[in-house]
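These notes are about the structure you will find just below.
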Ligand SMILES: C[S@@+](CC[C@H](N)C(=O)[O-])C[C@H]1O[C@@H](n2cnc3c(N)ncnc32)[C@H](O)[C@@H]1O
């Protein structure tokens with residue numbers, strides 16, 4: 001979690017990494033798996049993503065925003081949980097994603113909430129449709145591994161008002177090295193079989209997942225990147 005500083009914007013652009021080497025223009029993996037995405041999340045995380053998202057929604061609900069953008073919203077999982085909090089009634093929510101197929105599922109799941117949520121197709125790396133300094137809060141869950149982090153963080157900083165809040169959910173490293181190694185071994189050995197079965201033979205979803213897990217920075221290193229990107233008050237919480 002981080003605040004946009006009130007310092008003036010400076011040019012901090014650097015060529016940024018995309019941990020999973022994922023390019024939505026080259027491989028429409030989310031378009032292909034959209035209908036199975038929620039099932040896959042349960043399978044890949046053994047259901048633990050539900051606890052993480054509940055926590056993100058709690059954090060978002062206690063913040064005092066009027067306008068929230070949930071970037072890379074996917075099937076709207078985070079927003080559904082945010083809406084369940086009474087405190088968020090009457091506030092403006094935008095749920096955005098680059099994939100029309102994922103947005104279509106989000107639209108169905110959020111249909112019961114009528115006018116409260118605006119769905120938009122936006123690329124988290126570049127959102128010229130969103131004016132500078134226009135949002136109080138911005139959440140980005142399970143997206144930083146599959147996009148150019150530096151660009152996405154710069155865009156987050158641009159669209160947030162000074163003092164605006166950025167909340168990121170990511171699966172990061174495990175502090176105990178032996179457990180991290182066992183986890184990576186489990187992912188490398190079991191995930192291809194699980195992923196193959198769950199995606200109906202589509203190898204790319206779990207290939208990106210594995211690559212992203214290997215290449216993503218530690219929580220501490222990501223906090224440093226946020227500071228470098230111009231955020232302040234950076235904190236992180238380990239959820240599992
Ligand atoms: C792993 S899913 C996470 C979805 C949701 N945030 C969640 O936590 O369930 C990643 C989502 O990011 C979207 N995505 C990937 N690259 C993106 C980009 N550059 N801008 C916006 N969305 C992107 C995909 O379409 C997909 O819906």
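Here, each number is a calculation from the coordinates, and none is a lab measurement. Everything numeric here is computed off the predicted structure, so don't read it as measured data. Every residue, glycine as well, gets a Cβ built from its backbone with ideal geometry; the counts of neighbours run over all protein chains shown.
For region 54-99, the equivalent ellipsoid derived from the alpha-carbon gyration tensor has semi-axes of 17, 11, 8 Å in decreasing order.
Rounded to whole Å, the principal axis extents of the Cα atoms in region 172-222 read 36, 21, 11, largest first. Working ranking of peptides 93-100, 81-88, 125-132 by packing, defined as the average number of other Cβ atoms within 10 Å per residue, highest first, is 93-100, 81-88, 125-132. Shown for 176, 196, 52: other C-beta atoms within 10 Å of each C-beta, ranked fewest to most, produce the order 176, 196, 52. Overall size of region 83-149 from C-alpha positions, given as principal axis extents largest first: 34, 29, 21 Å. Just check region 115-187 against the gyration tensor rule for me: Cα atoms, a ≥ b ≥ c as the square roots of the eigenvalues, rounded for a/c under 1.5, and otherwise prolate or oblate depending on whether a/b exceeds b/c. Prolate, since a/c reaches 1.5 and a/b exceeds b/c. Estimated translational diffusion coefficient (Stokes-Einstein, Kirkwood radius over Cα pairs, 10 °C, 1.306 mPa s) of region 1-120: 99 µm² per second.
The shape of region 83-240 comes out oblate: with a ≥ b ≥ c from the C-alpha gyration tensor, a/c is at least 1.5 while a/b does not beat b/c. Taking the fewest neighbouring Cβ atoms within 10 Å as the starting point, the ordered list for 161, 4, 35, 53 is 35, 161, 53, 4.
Helix-only arithmetic for the chain: the sum of -39500 (n - 2.57) across DSSP H runs with n ≥ 4, divided by the residue total, places the mean residue ellipticity at 222 nm at -13000 deg cm²/dmol. The modelled label-to-label distance for the pair residue 46/residue 181, using points 7 Å beyond Cα in the direction of Cβ, is 2.0 nm.
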